[in-house]
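Report on one structure; see the data block that follows.
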Amino acid sequence: MIEQLEARRLELQAALDAEKTAEERNKMGQFATPSALARDVLAHAQALLPARGKVRFLDPALGSGAFYAALLRVFGSKKIAEAQAFEIDPHYGQTAEQLWTPNGLTLTHGDFTRAEPQARFNLVICNPPYVRHHHLGADEKQHLAERTRLATGRQLSGLAGLYCHFLLQAHAWMAPGAIAGWLIPSEFMDVNYGQQVKDYLLDQVTLLHIHRFDPRDVQFSDALVSSAVVWFRNTPPPAGHAARFTFGGSLAEPAHALNVAATDLAAERKWTRFPMLGVREATGARATVGDLFKIKRGLATGDNGFFVLDEAQVRARKLPPQVLRPILPSARYVEGDAIDADAEGLPANTRRLFLLDPRMDEADIDRRFPALAAYLAEGRAQGLPERYLCRSRKRWYDQEQREAAPIVCTYMGRSDRKSGRPFRFIRNRSQATVANSYLAMYPTPLLQERLANDPTLLDRVWQQLNAIDPDDLLGEGRVYGGGLHKLEPKELAKVPLALD
């Protein structure tokens, strides 16, 4: 009976998803839980709950009911004393009601974050809506912040996604000793807005287990998000407690595992380093990339398609060299890890591109360079002056003035490259600047002083950068579904680096 209902649910889920655009579901954070994963989660929950006693189940974001179907399949209806759920979207809620209310589920059509808590549930399982903060209005953020504060005493950052509020607000619904399992993006483990969630897991409940799926094994076919299942018990954490961290494989059979003491978790900013990298040693005076380089994102031009031109476009437009400066192409067009320069400082061994950078008023442009004036007129016709970045400038076509960086690092990369390196450090001997697909690395006074005495040092440092253990880079960066890694300037600055 349950197997037939689940098969029917999957058919309806596919049909309902097809009736919405990907943009609509993304805005509401609707990413359905795969049936097999839901069953694995409930099987894991069964192992955590006492063998005796009945289940009082709560799902704050039911969708079409993947977790409730798994609850029935794993526990059986006789083991379930109560089952409640919320679903805000009738598009899915009506189908869930038809399927599951005749089979013991009490479903509330409405917003979980506006319901009055009832602290009687001993099993909370949820895949909460993955709504990013920019899809939440000011009034909604204020409401969420207040309800989260009432539930846990914690104030979440305004950058926190809706899933963080769901997790913390559900605390008020849990009976003492209750088990919770949350299928959520793993990004909370690394980003600043996730700190309050991590503090809650360490201070107010007993964190049992975090399983992080291999980012190359995307759990949701329609969302490039790296997922984790977070398990905890609603009891104060005992002294000397350690939580289990697993990675890859499945919940039942992970590829890697490590028990990490709560004290070590409190001291570590990036939890995604576990279990692969283990606990950091206290190094104190360890040198980092940030000791040698001031790191900035490359230039945000406002519209690369308009402001960045190749040599053929420059000739065709008859643009004067005085209003152009070289800019490196995307790293996929750069062979090797060094950019050589010709006598004029232009890149000699890669595709040549130029950044439009007139640095003069339009009246001067109209008088001196009619071809450039005509090109800028095309940009105005495209609405470029009204775009956010362009309209914030004194002149809409102005570009940030910055020297060429002698070393640049790719901003995003995949760890399955043939070299094994997720990021590339490229020695830039040209005068080309870079767009924001790179990180630009400028020597600090410490390095400048040493370069004054030994000009060859920069090349040796560049070689050391490319010899950094990939795990050190991945441990500081962040990862997205599909195995895509990103490294922000502050994260790169914290990567350890051996000094001569």
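Only the coordinates and a few stated rules stand behind these numbers; no lab work does. This one's a predicted model, so the numbers in the text were calculated from it and none came from an experiment. Neighbour counts are summed over all protein chains in view; Cβ atoms, including those assigned to glycine, are modelled from backbone coordinates with ideal geometry.
Could you tell me the relative contact order of the chain? Use alpha-carbon pairs under 8 Å, at least six residues apart, and round to a whole percent.
On the way: 904 pairs, mean separation 61.5, N = 500.
RCO, the chain: 12 percent.
How many nm is it between the label spots at R317 and R359, if each spot is 7 Å from the Cα in line with the beta carbon?
1.8 nm
Which whole-number percent is the relative contact order of the stretch 243-333 (Cα, under 8 Å, 6+ apart)?
17 percent
Run the dipole for the stretch 2-273 about the Cα centre, Lys and Arg Cβ at +1, Asp and Glu Cβ at -1, nothing else charged, and hand back the magnitude in debye, nearest 20.
Numbers: 27 positive and 28 negative charges, 164 e Å.
The calculated dipole for the stretch 2-273 is roughly 780 debye.
222 nm [θ] for the chain, helices only, -39500 (n - 2.57) per DSSP H run of 4+, per residue, to 500?
On the way: 19 runs with 165 residues, N = 500.
Calculated mean residue ellipticity at 222 nm is -9000 deg cm²/dmol.
So which lysines can K294 reach, going by Cα to Cα under 27 Å and dropping same-chain residues fewer than 8 places off?
Those lysines meeting the cut-off are K270, K394, K486, K490, K494.
If each of N436 and L277 carries a label point 7 Å out from its Cα toward its Cβ, how far apart are those two points in nm?
2.5 nm
For A255 and E400, calculate 0.36 nm times their separation in residues minus their Cα-Cα distance, and state this gained length in nm to one decimal. Kindly include the intermediate steps, with their values, before the conclusion.
Working: separation 145, 0.36 × 145 = 52.20 nm, distance 4.64 nm.
The span from A255 to E400 would gain 47.6 nm if fully extended.
Would you work out which of F423, A312, F57 lies farthest towards the positive end of the dipole of the chain, given +1 charges on the beta-carbon of Lys and Arg and -1 on that of Asp and Glu, about the Cα centre?
Checking the options against the dipole of the chain, the answer is F57.
Which residues does a label at D199 reach in the stretch 122-160, if reach means a backbone N under 13 Å from a point 7 Å past the Cα toward the Cβ?
Within reach of a label on D199: 149, 152-158.
Assigning unit charges at the beta carbon (Lys, Arg +1; Asp, Glu -1) and nothing else, what dipole magnitude in debye, to the nearest 20, does the stretch 291-362 show about its Cα centre?
On the way: 11 positive and 12 negative charges, 36 e Å.
Dipole size: approximately 180 debye.
Hey, got the Cα dimensions of the stretch 358-398 along the principal axes, in Å, largest first?
The principal-axis extents, from largest down, are 28, 19, 11 Å.
For the stretch 75-201, what is the convex hull (Cα atoms) projected area averaged across all directions, in square nanometres? The partial results should precede the final answer.
Numbers: hull surface 33.2 nm².
About 8.3 nm², averaged over all directions.
Report the equivalent ellipsoid semi-axes for the chain in whole Å, largest first, defined as the square roots of five times the eigenvalues of the gyration tensor built from alpha carbon atoms. Could you put the intermediate results ahead of the total?
On the way: eigenvalues 489, 163, 74 Å².
Those come to 49, 29, 19 Å.
HN-Hα J couplings of the stretch 119-124 from phi, Karplus 6.51/-1.76/1.60, θ = phi - 60°, integer Hz, Gly and Pro as x?
With the stated coefficients, the stretch 119-124 comes to 7, 10, 8, 9, 9, 10 Hz.
May I ask which residue of Y200, L484, P185 lies farthest towards the positive end of the charge dipole of the chain, with charges of +1 (Lys, Arg) and -1 (Asp, Glu) on Cβ and the Cα centre as origin?
It is Y200, whose Cα lies furthest towards the positive end.
Taking +1 at the Cβ of each Lys and Arg and -1 at the Cβ of each Asp and Glu, which of A267, L5, L465 sits farthest along the dipole of the chain towards its positive end, judged by Cα position relative to the Cα centre?
A267
Find how much the distance from E82 to Q142 grows on full extension, using 0.36 nm per residue of separation minus their present alpha carbon separation; answer in nm with one decimal.
Working: separation 60, 0.36 × 60 = 21.60 nm, distance 3.20 nm.
The span from E82 to Q142 would gain 18.4 nm if fully extended.
Using every Cα-Cα pair within the stretch 2-273, state what percent have a distance larger than 26 Å. Don't skip to the end; give the middle numbers.
Values: 13890 of 36856 pairs.
Tail of P(r) above 26 Å: 38 percent of Cα pairs.
For a quick size check, give me the Cα extents of the stretch 301-370 along its three principal axes, largest first, whole Å.
Cα spread of the stretch 301-370 along its principal axes, largest to smallest: 43, 27, 21 Å.
Could you give the size of the charge dipole of the chain about its Cα centre, using +1 on the Cβ of each K and R and -1 on the Cβ of each D and E, expressed in debye and rounded to the nearest 20? All intermediate terms of the calculation are to be shown ahead of the outcome.
Numbers: 62 positive and 59 negative charges, 67 e Å.
Computed charge dipole of the chain: roughly 320 debye.
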